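The block underneath contains the structure these notes are about, expressed in structure tokens.
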Number of protein chains: 4
Amino acid sequence: MPSWNPSQPGSHTTGPRPAEALTSPRKEKDQVEILSGVFEGKTTGTPISLIIRNRDVRSGDYDALAEIYRPGHADRTTQQKYGIRDWRGGGRSSARETAGRVAAGAVARQFLALEGISVKACTVALGGIRARSMDWDEIDRNPLFCPDAESARAMEERIREVKAAGDSLGGIVEILAQGCPPGLGEPVFDKLDARLASALMSIGAVKGVEIGEGFAAADLLGSENNDPVTQGGYAANHAGGILGGISTGMDIVARVAVKPIPSISKPQQTVTRDGTPTTIEIKGRHDISAIPRIVPVCEAMVLLVLADFMLHPFPVRLRTMA
Amino acid sequence: MPSWNPSQPGSHTTGPRPAEALTSPRKEKDQVEILSGVFEGKTTGTPISLIIRNRDVRSGDYDALAEIYRPGHADRTTQQKYGIRDWRGGGRSSARETAGRVAAGAVARQFLALEGISVKACTVALGGIRARSMDWDEIDRNPLFCPDAESARAMEERIREVKAAGDSLGGIVEILAQGCPPGLGEPVFDKLDARLASALMSIGAVKGVEIGEGFAAADLLGSENNDPVTQGGYAANHAGGILGGISTGMDIVARVAVKPIPSISKPQQTVTRDGTPTTIEIKGRHDISAIPRIVPVCEAMVLLVLADFMLHPFPVRLRTMA
Amino acid sequence: MPSWNPSQPGSHTTGPRPAEALTSPRKEKDQVEILSGVFEGKTTGTPISLIIRNRDVRSGDYDALAEIYRPGHADRTTQQKYGIRDWRGGGRSSARETAGRVAAGAVARQFLALEGISVKACTVALGGIRARSMDWDEIDRNPLFCPDAESARAMEERIREVKAAGDSLGGIVEILAQGCPPGLGEPVFDKLDARLASALMSIGAVKGVEIGEGFAAADLLGSENNDPVTQGGYAANHAGGILGGISTGMDIVARVAVKPIPSISKPQQTVTRDGTPTTIEIKGRHDISAIPRIVPVCEAMVLLVLADFMLHPFPVRLRTMA
Amino acid sequence: MPSWNPSQPGSHTTGPRPAEALTSPRKEKDQVEILSGVFEGKTTGTPISLIIRNRDVRSGDYDALAEIYRPGHADRTTQQKYGIRDWRGGGRSSARETAGRVAAGAVARQFLALEGISVKACTVALGGIRARSMDWDEIDRNPLFCPDAESARAMEERIREVKAAGDSLGGIVEILAQGCPPGLGEPVFDKLDARLASALMSIGAVKGVEIGEGFAAADLLGSENNDPVTQGGYAANHAGGILGGISTGMDIVARVAVKPIPSISKPQQTVTRDGTPTTIEIKGRHDISAIPRIVPVCEAMVLLVLADFMLHPFPVRLRTMA
């Protein structure tokens, strides 16, 4: 049975793995078994079904969670919605679910590469520290995928401080898609930016999505924000590669806001399943920030959205005609 | 044939209409004809089909646009995608399309009212000016739906200045949904926040969406951002009413970034359809900002998403059980 | 505003219109208004929205139906499902709804013609009388679209008899699609035959669908039913052009069973809305058989299914490559 | 890890298993592993993912099929559609795929049982022999699930004859769903009968689907085919439990035509992948008829369709109200 390891979904993530100190000591081998869709090294058109089993599970870590709701998690909303909850490791809402997204994104990446499309992402803010330069070559040289070496060092320092304090951090990830032809996205019901917003917002911990200038556009004048049209493209890219829900052919640029990991070891106020007030201190193997682990997940979601649109009939035709 | 006017989609918009000076002189009567779905004053389960015809059309205003691409619009992306473009009034990408969204939202509002759910929206930033207070009673007292009377006056002043300069402005709209039960939204593929992000990002001119703290969450500590769980709910609402993609029962809070209207009378660099560089000065009847017209559109999109989820079987059941 | 008349959706239906005596005296002009999607004589990629208003309505004919359920109609199931019913003309379940299907099919027909695909249908049985020959040239020469002139005359005679008796008739329609490339249809979840079955069964009055040999295949041996494979195709077409849910490149052949029109003037046992037993004699302007009116509806549904599949990316690509 | 055996999907199939002589000697253990969706013996709302691995595989049996197209199979259509084909065991089009349908149907059966809905199926024709009585108690007493003991014996005899001749047989399966409330199905786009037709036609080897009287309705008078309406229901069930696409509350009755198994050991004319004419004699472990193995598959598809509709909001509500 063929297998491959999708944990290096792209060239830019072949650098050093996140340092032990920056991520949780939980280590999944992420061995993928291909159940269907590949024959003699090629896809057949059959759905590609991949299975990644959880190996490094210590469910005992979670026993205490059966009867208590963790603040900032989906524990209570799940119980309220379904009247039943698999509390082991966060159940359906476990961030472990993103392994499937990354694996699927790795397939999409290979397909898009055939069309000259690539996607990469980096950390532009973490714990209140902003990257002040955008050197994409830098992101493989530090464990946080940060495009600014100096900021990366400050971010690492901030993680250590906050870890010691039993707290956690949020940040901002920027995603860049290059090589997209103009014409991806539907003008009303399946706008490219709407689909990207949905895909990125669906990642646990993401609380905001913006395209191009995003929230900064709210403060610009039209004459500043409009990208002058040139014969071959545009003289600027405030639009982030999308106008009217359709790709312009310029780089697609998106950013997502990542909330701080809700699992913290500081005591927090909560209730048990029967409503009794109590406090909780979460001691398991948790990350201090969803960054850097979330970076390849963001890439994967953009890869999947772009692959979907590249399979729509008209862009394919345009492509053929070009 | 019954008809009604959806331009007052909710109680909070019964105040003064946007002042002439702040919006374009184009005035659509927005008479709606109900084609199907209503019988003897009640919905029948048949799709409700509404038609709103454009009456105040001066296509002559757009004749010049057949051969030239307006910066910041979907003119060129549409041409590239389809190889053909209905250039009258922006065609498929005309903001006029939002009339249908508002009309549909007005139907959703009536349905949601039966369940005790309401949605309202306001202008929290315009042209770089922030609302500094959140008095929802104030929004009907000024033409910008701004919750801060003093900021509203500054915003109006800013619009007049920029109009005189032949330029345009962006802003930020906040949407508040109240009365949602816990349990709306699916845990992975149809998260409530993902669906809201898609719905709001699909509005022309929107370049960013955030829920609860949104991008501000990126700078918070976990201990600051987590909402303490109480017996009846939560002691805070940084989450904006959604955890793990599922409603918590708290107010749902979203904000969208609105880019400045791309149609400006200042000269801009562009090209004609055959690629010849030229300049364009757009002189038609255009707004200076998508705000305030976009405010009811934002409400409508949130109403539609919530109505969809309220029609899912399990929340309905929960509702019945509660 | 452009308009066109779709009542002649294809060449083979340009013959004599159904004789007055064979169909109801209700005559709709079927004037279509194109609301969107067409610009300067071409489609733009925008959804094509067509409206056909009911003009020849005599709702008074239906007043009596508000309080009584017609046997064989959806009156009671609709009431039970929704708790409300628009009883005028059968409401949502009126056969008048098929006008929209035929209009949409006329658009699909034009698209498919560009790919060399055509669809036609004929009456192979009516009132227990079978067509004994299949001369497609004959179908335009009789009002029943029957491919056998002699059987057509017997069918017409049968209709007159049954009309006099206040009763109604069913029949069988055969649909033939020619020019389809091999490769349309998905192997499991969207099989071409499954989609055709769904589309055809969704027509009111249709109670059965079969492809190729259909129910006759149940009695054949494998050696009789298998189509020998030849270099250029197949030496027979028992499969009706579909194997494994995918088109073979041979003619696609489907047949549908049409039940007798449930509206009859003979007295029938039924109940009123409050459950009181009563009898009903339906005296309105009703057809004696859904045939021949249903023939273009069957064509339309097959046209729509084929157009959908021709818009899938891979068949288009195959087409381009061929 | 919990597991269960879905090969007995319902009480009526607990009788004798198909005799060795009547089915192929290929025996899958069909051990199911539940990957997700069940926790402490209950469903959680998470998708229930089941995996059934093929154990009794002798791919060597299929080596010869890499370069030759079997008549009546999807070998060539698959190659034409995708340009690549996994030829082992029929690949994507293998009847082995129905194991997943039966497993899913077993889950649906448990859900529907809670609502008082049950589904069973039987063989009403095989190899040209019709069941002449409908004794549902009989179907567990013979290996063909035939409701007529005498016909069952004749069918068994026919299978043996045809097996000796190296040929294969088709037949007809009838499916009966009992306990459905009125109101399932949508009036135009998701009619219950259209969805059943799609689901049943999607089973490999099925070439026809009919509801209630089905093709026989084509020969009936309206006065014969209409079911008189009574206070509690209907005095007959020619409609097969569906009117206007909506369930009536009567038994739902469907029948499917099953073509003879295309794999036969008699020599057949075909071509190799490069188009060279040749003959093929298929010697593997093949059934003589898709019956009886297809009977639980038909049940499963009806179970799945009904479960989908029972999850729609309004019928659930009606159910609650009843």
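Please treat every number below as a calculation from the coordinates, not as lab data. From a predicted model like this one, the values you see are computed outputs, not experimental measurements. Neighbour counts are summed over all protein chains in view; Cβ atoms, including those assigned to glycine, are modelled from backbone coordinates with ideal geometry.
Descriptive notes on the structure:
- Ratio Rg/Rh, restricted to the protein assembly as shown and using Cα atoms, in which Rh is the Kirkwood radius: 0.97
- Dividing the mean sequence gap of close Cα pairs (under 8 Å, 6+ apart) by how many residues the range B:97-194 holds gives a relative contact order of 30 percent.
- Whole-number percent relative contact order across chain A, with pairs defined as alpha carbons under 8 Å at least 6 apart: 22 percent
- Separation of the A:Lys42 and D:Ala164 label points, Cα + 7 Å toward Cβ, nm: 4.6 nm
- Candidate lysines - alpha carbon under 22 Å from D:Lys283, same-chain residues fewer than 8 apart omitted: D:Lys27, D:Lys163, D:Lys259, D:Lys266
- Shielding by partners - mean other protein chain Cβ count within 10 Å, residues of C:235-248: 5
- Helix A:149-164 and the longest principal axis of the Cα set of chain A meet at an angle near 20°.
- Compactness index (Cα Rg / 2.2 N^0.38 Å), the range C:169-255: 1.10
- Here the Gaussian network model covers chain B, with springs between Cα atoms less than 10 Å apart; of B:Ala197, B:Ala125, B:Ala165, B:Ala165 fluctuates the most.
- Surrounding net charge for C:Ser133, when Lys and Arg each add one and Asp and Glu each subtract one, Cβ distance under 14 Å: -2
- Helix axis angle, B:192-201 relative to chain B longest principal axis, alpha carbon, degrees: 10 degrees
- Principal-axis tilt of helix D:98-114 within chain D, Cα atoms, nearest 10 degrees: 20 degrees
- Structure-based [θ]222 nm, the protein assembly as shown - -39500 (n - 2.57) summed over DSSP H runs of at least 4, per residue, nearest 500: -7500 deg cm²/dmol
- GNM on chain D, alpha-carbon springs under 10 angstrom: the most fluctuating residue among D:Ile48, D:Ile280, D:Ile246 is D:Ile48.
- Placing a label point 7 Å from the Cα of C:Glu97 along the Cα-to-Cβ direction, the residues of the range D:245-259 whose backbone N falls under 16 Å of that point are D:245-248.
- Shape box of the range C:80-229 [Cα atoms, principal axes, largest first, Å]: 51, 43, 35
- Loop sites by DSSP among the GluC sites (Glu not before Pro) of chain C, restricted to those with at most 13 other Cβ atoms within 10 angstrom, leave C:41-280 as the longest stretch without any of them.
- Across all Cα atoms of the range B:94-321, the radius of gyration (one decimal) and Dmax (whole number) stand at 19.5, 67 Å.
- If you take all other residues with their beta carbon under 11 Å from the beta carbon of B:Glu213, and give Lys and Arg +1 and Asp and Glu -1, the sum is -1.
- Summing charges over all other residues whose Cβ lies under 15 Å from the Cβ of A:Arg109, with Lys and Arg as +1 and Asp and Glu as -1, gives -1.
- Relative contact order, percent, the range A:130-187 [alpha-carbon distance under 8 Å, six or more residues apart]: 20 percent
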